[in-house]
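In what follows, a structure is listed as structure tokens, so that the remarks can point back to it.
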Amino acid sequence: MAWSLSFISEEEFKNHVRATIMKYGEKLESYDLKRFNSNLIDPIKLIFDKSVYHTSWQEIVNNEIFRQRDKSNNNDIGYFHQNIFAYFEGCEVPQVGWDVIYKNPAGIQMPDGDIVHTLYVEMKNKHNTMNSASSAKTYIKMQSQILEDDDCACLLVEAIAKKSQNIKWTTKVDGKSVQHRLIRRVSMDQFYAILTGEEDAFFKMCMALPTVINSVVNEEGSVSIPHDTVIDELRKVAEVYSEQTEDLAMAVYMLGFHTYMGFGNKMEQQLGRACGNAGMLKRIYEYAKRSE
């Protein structure tokens, strides 16, 4: 199939997708019980979720592992959204300062009729990721840039906006509503259109993305497949507390509550009774141990 993106070559796009996947880094490493509980899971929530959603322990543990991985992956997707513009003509992705700077000697037409030659961009993954303090700080930064350079506009670009838009950004600074025609809130599709002159440029990128991701993932040795051992380790711990190894409730409780009254006594009793499993109990104790 012929390459359909005029603003980035197939090789550049593939290299950028590969770099993004490699950013996943340690998230692709396997999870053992120690890593699973490194920030202390909530045993009560796991047990509620398992019962309410009628899932197995295998499913609920896998879901928690996915949640932990996904929490870190948002930064990596932010890398994808931002750094792809390094390949766009006229764009720069600075190491510090602005997320993207775009210069066009021919001029950039703004919706209110102004023509500028530089865009300074702050980029956010989602429209709701900025609190009021962060919004005010970002607006003041943009305002200062326009005071310094009257031949520019500043854009807050959102990958996941509420809708396609290129509007004045209205926010609050010191409790007062502020806006400026050259400080704008722009959805990602509209930003692609500004840079490329193609209204459907972002759509074309999205259509090409799945095939390229699959191509990179299927490259021999490019992506390791994690082998998580959490459920197996929990089952071994559960054997000490119950003959029914599928009942992992006590093993899960011990992840978060091993020092709590009653639970600590239960662990000590089992350590005394089950010599053959004492090593595993000591391990679960160490995995769950809080930093004090």
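At a glance:
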quantity: Heavy-atom accessible area order for 178, 100, 52, largest first, 1.4 Å probe; calculated: 52, 178, 100
quantity: Cut-off 13 Å between beta-carbons: net charge of the residues surrounding residue 227, Lys and Arg +1, Asp and Glu -1; calculated: -4
quantity: Within straight-line cross-link reach of residue 103, aspartates and glutamates at Cα separation under 12 Å, skipping those fewer than 8 residues along the same chain; calculated: 89, 92, 151
quantity: Accessible surface, 1.4 Å probe, highest first, among residues 206, 91, 154; calculated: 206, 91, 154
quantity: Förster radius 22 Å - calculated FRET efficiency between residue 225 and residue 39 (Cβ-Cβ, nearest 0.05); calculated: 0.35
quantity: Nearest-0.05 FRET efficiency for residue 75 and residue 149, computed from C-beta distance (R0 30 Å); calculated: 0.50
quantity: Flagged links, alpha-carbon separation over 26 Å, of 23/137; 14/168; 23/124; calculated: 23/137; 14/168
quantity: Solvent exposure of the range 78-197 as accessible area per residue, Å², 1.4 Å probe; calculated: 52 Å²
quantity: Accessible surface of the range 57-210 [probe 1.4 Å, protein heavy atoms]: carbon and sulfur percent; calculated: 48 percent
quantity: Rounded, prolate or oblate (a/c below 1.5 giving rounded, otherwise prolate when a/b exceeds b/c) for the range 128-235 by Cα gyration tensor; calculated: oblate
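The values are calculated or read from the model by the stated rules, or taken from the named source; none is laboratory data. All of these numbers come straight from a predicted model, not from anything done at the bench. Neighbour counts are summed over all protein chains in view; Cβ atoms, including those assigned to glycine, are modelled from backbone coordinates with ideal geometry. Ligands, DNA and RNA are excluded from the accessible area calculation, which covers all protein heavy atoms including side chains. Shrake-Rupley method; radii C 1.70, N 1.55, O 1.52, S 1.80 Å.
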